[in-house]
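**Q** Below: one structure in structure tokens.
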Amino acid sequence: MSDGPDRRRLTPEERANLVAFIDGELTEAESRALTTKLTHSPTARREVELLKKTWEILDQLPRPAVNDQFHERTLSYVRSTEFRTEKRLESLKQAAAFLLRCAACVLTAAAVAVAARAVTKRAWANPDERLIQNLSLAEHLDEYLEVGDFEFLERLRNTPEFGANH
């Protein structure tokens, strides 16, 4: 196991945990791992020391004074934000309910249309079917119209060429 430069430096994850390490907020395993790294790495120790000094300097800066209205305004802003969020959620719920009702109506209308189509298809005969059934009649209609009436056919039947004796 070499102690190269990349083993001595802190990883981005370790660097992100430095503040929690300094404040004692890491788990025991994380804290032990970071302590071991700091023991073996002067570079990592320098980073921790710089971070501690930065916090110390920040602590020396004067803290801004806030009046009582600041707390009230902040709390009222948070409450109004929560209220707006609740209103937005309520609006979204109402819109979703409306869309569901619309979808149900569309589906119901589609089901009714399909059922009506099926009923009407059975109730009314298709005119093309009747034409297909009587196709031979339609094909010879001109010839039948030339015959005229049934008397001619009766006379034709009584002739020896077309008669029953044939």
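All of the numbers you see were taken from the coordinates with simple rules; none came from a lab. Worth saying up front: this structure is predicted, and the values here are computed from it rather than measured. In this analysis, Cβ positions are derived from the backbone assuming ideal geometry, glycine residues included, and neighbour counts consider all displayed protein chains.
**Q** Given 0.36 nm per residue, what is the gain on full extension from E13 to E151 after removing their alpha carbon distance, in nm?
**A** Value of the extension gain: 38.6 nm.
**Q** Would you mind calculating the gained length between V114 and A65 on full extension (0.36 nm times residue separation, minus the Cα-Cα distance), in nm to one decimal?
**A** My answer for the length gained is 10.3 nm.
**Q** Before rounding to the nearest 500, sum -39500 (n - 2.57) across all DSSP H runs of length at least 4 in the chain and divide by the residue total; then give [θ] at 222 nm in deg cm²/dmol.
**A** After summing the helix terms and dividing by the residues of the chain, the value is -24500 deg cm²/dmol.
**Q** Using the beta-carbon distance between I22 and S80 and R0 = 35 Å, what value does 1/(1 + (r/R0)^6) give for FRET efficiency, to the nearest 0.05?
**A** Calculated value: 0.45.
**Q** Report the full-extension gain for the segment L137 to L92: residue separation times 0.36 nm, less the Cα-Cα distance, to one decimal in nm.
**A** The L137-L92 span can extend by a further 9.5 nm.
**Q** Kindly express, to the nearest 10 degrees and within the range 0 to 90, the angle between helix 68-123's C-alpha long axis and the longest C-alpha principal axis of the chain.
**A** 20 degrees
**Q** By how many degrees, 0 to 90 and rounded to 10, does the Cα axis of helix 42-60 deviate from the longest principal axis of the chain?
**A** 80 degrees
**Q** Under 20 Å Cα to Cα from K52, which lysines show up? Leave out anything in the same chain fewer than 8 places away.
**A** K37
**Q** Please compute the contact order of the chain in relative form: average sequence separation of alpha-carbon pairs under 8 Å and at least six residues apart, divided by the residue count, as a percent.
**A** Contact order relative to length: 11 percent.
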